[in-house]
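Written out below as structure tokens is the structure these notes cover.
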Amino acid sequence: AGRSHPDAVWCDALSAYSGGPEGVRAENGSTGGLLERDDELARMGDALDAAAAGNGGVVVVSGTAGLGKTRLLEAAQSVATDGTLTLVARASELEAGFAFGVVRQLLEPPVLAAPEVERARLLDGAARHAAAVLELDPDAAPGRDLHQTLHGLYWLLVNLSADAPLLVAVDDLHWADEPSLRWLAYLANRVEQLPIAVVATVRTGDGRRVELPTGAGELRREAVEAIHALHAVRVEPRPLSATAVGTVLERSLGTASDAAFAEACHRHTGGNPFLLNELATELAVQRVSPTGDNASILSGIVPERVSETIRRRLARLTLEAKQLAGALAVLGDGSELTDAAELAGLDLERAREAAGDLGSAQILDDARALSFRHPL
């Protein structure tokens with residue numbers, strides 16, 4: 001807590017939450033440090049064990065932003081059976097328009113690293129149609145026959161699994177490019193008799209509906225929802241309890257916090273691990289002691305990374321939504337829509353639509369009661 005550089009403190013906070021610099025696998029083989037995630041880890045472990053035995057499957061870790069979905073994906077990689085080949089990709093909103101971008105993240109490393117003879121084996125038979133996607137065949141272009149390409153990529157993965165079980169780990173599935181999503185949906189239909197486990201994270205909004213980028217086509221939604229709803233073991237992490245919040249604070253700040261202070265941090269963050277870690281980092285930087293007397297100052301502490309996250313979410317919304325959010329920040333939770341609309345300079349109908357947009361973006365927890373999702 002005495003370090004002056006925020007990045008150093010953040011590394012300490014993240015290391016504490018993840019079980020130390022060695023990662024999430026403890027010496028006894030269990031996952032240490034991940035709080036209140038035993039059920040989620042057990043379900044993922046069962047799926048990975050089944051895949052190693054030749055009964056593949058799909059696990060989707062879903063939930064709203066900041067609940068630790070990526071940490072669970074990393075945990076899956078750490079608890080995979082010894083000898084499992086792990087293929088990792090992280091989808092990005094900025095790369096969602098790059099065809100087969102996620103597929104290439106997954107498959108290029110093992111194929112390009114393979115010796116020439118081994119590469120020829122991997123691309124044998126129907127898998128030869130995958131060569132165009134990986135730019136290994138200068139005379140072929142991916143997408144001329146999409147089904148043939150998807151089938152070729154599938155057989156490439158099957159060939160990779162011939163020597164060792166596979167874990168296909170995809171973070172932020174909702175931002176993946178459409179061709180990669182269609183291939184993952186294709187794979188999900190055919191993975192049951194293979195030593196392949198697919199584990200993906202996906203962000204959901206209200207009503208557990210997948211949160212896709214603005215302007216996403218219907219095919220992308222269908223592919224994500226097919227993977228998410230039809231084939232997968234569903235893992236849905238919940239917010240942390242007040243007790244777990246106290247544990248994270250103690251690990252991050254190096255001293256036990258008063259129950260009143262931990263409870264105030266729980267209310268302030270809603271038990272959201274991302275918000276909690278950012279708050280703990282800021283508390284360490286400002287050298288705030290976790291005492292009950294200091295609970296009242298939490299409302300004045302807003303970490304910059306949290307502010308930036310909210311600004312990015314607002315940037316995707318309409319001008320009316322931004323105006324209404326500003327008005328509600330002034331008036332506070334539970335304000336009347338008529339008052340918020342007047343302060344925002346909106347008529348009631350536009351204010352009602354803006355409140356719905358803020359709810360869909362998970363900035364408001366309840367668009368009708370006009371309350372923010374997290375007091376922070």
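Rounded to the nearest 0.05, what FRET efficiency do Ala260 and Gln286 give with R0 = 25 Å and r taken as the Cβ-Cβ distance? Could you check?
0.85
Which of rounded, prolate or oblate describes region 254-304 when judged by the alpha-carbon gyration tensor and an a/c cut-off of 1.5? Rounded, since a/c falls under 1.5.
When the chain is described by a simple charge dipole with +1 on each Lys and Arg Cβ and -1 on each Asp and Glu Cβ, the residue from Met44, Asn159, Ala76 located farthest towards its positive end is Asn159. Relative contact order for the chain: 20 percent, from Cα pairs under 8 Å spaced at least 6 residues apart, divided by residue count.
Pairs of Cα atoms nearer than 8 Å and 6+ residues apart set the relative contact order; for region 262-353 it is 20 percent. Annotation: for a label point projected 7 angstrom from Cα along Cα→Cβ of Ala113, residues of region 160-192 with backbone N closer than 19 Å are 160-171.
When the charge dipole of the chain is built from unit charges on Cβ atoms (+1 for Lys and Arg, -1 for Asp and Glu) and taken about the Cα centre, the candidate among Leu275, Ala232, Ala260 whose Cα reaches farthest toward its positive end is Ala232.
Multiplying the residue separation of Leu85 and Ser296 by 0.36 nm and removing their Cα-Cα distance gives an extension gain of 71.0 nm. Sort region 336-376 into rounded, prolate or oblate with this rule: let a ≥ b ≥ c be the square roots of the eigenvalues of the Cα gyration tensor; rounded if a/c is under 1.5, and if a/c is not under 1.5, prolate when a/b is larger than b/c, oblate otherwise. It is prolate, given that a/c is not under 1.5 and a/b is the larger ratio.
Placing unit charges on the Cβ atoms only, positive for Lys and Arg and negative for Asp and Glu, gives the chain a dipole magnitude near 140 debye about its Cα centre.
Take the Cα of Ala53, step 7 Å toward its Cβ, do the same at Asp365, and the gap between the two points is 4.2 nm.
If R0 is 25 Å, what FRET efficiency do you get for Glu336 and Arg305 from their C-beta distance, rounded to 0.05? Given R0 = 25 Å and the Cβ-Cβ separation, E is 0.20.
Compared with the alpha-carbon gap, the fully stretched path from Glu135 to Thr70 is longer by 20.4 nm at 0.36 nm per residue. Going through (i) 23.9; (ii) 25.7; (iii) 22.6, the figure that equals Kirkwood radius over Cα pairs in Å as computed for the structure here is (iii).
DSSP loop (so not H, G, I, E, B), at most 14 other Cβ within 10 Å: list which trypsin sites (Lys or Arg not before Pro) in region 277-331 pass both filters. Show your work: numbers first, answer last.
Working: sites: Arg287, Arg305, Arg311, Arg312, Arg313, Arg316, Lys322; in loops: Arg287, Arg316.
For trypsin sites (Lys or Arg not before Pro) across region 277-331 that sit outside H, G, I, E and B with at most 14 neighbouring Cβ atoms in 10 Å, the list reads Arg287, Arg316.
The stretch between Asp145 and Glu250 holds 32.1 nm of extra length on full extension. This uses 0.36 nm per residue minus the Cα-Cα distance.
In this calculation the C-beta distance from Asp46 to Asp163 is compared with R0 = 22 Å, giving a FRET efficiency of 0.40.
Less than 12 Å Cβ to Cβ from Arg311, Lys/Arg counted +1 and Asp/Glu -1: what total charge do the surrounding residues give?
+3
None of the figures in this text is laboratory data; all of them are computed from the coordinates on show. Remember, it's a predicted structure, so these values are computed and weren't measured experimentally. Note that each Cβ is placed from the backbone with ideal geometry, even for glycine, and that neighbours are counted across all protein chains shown.
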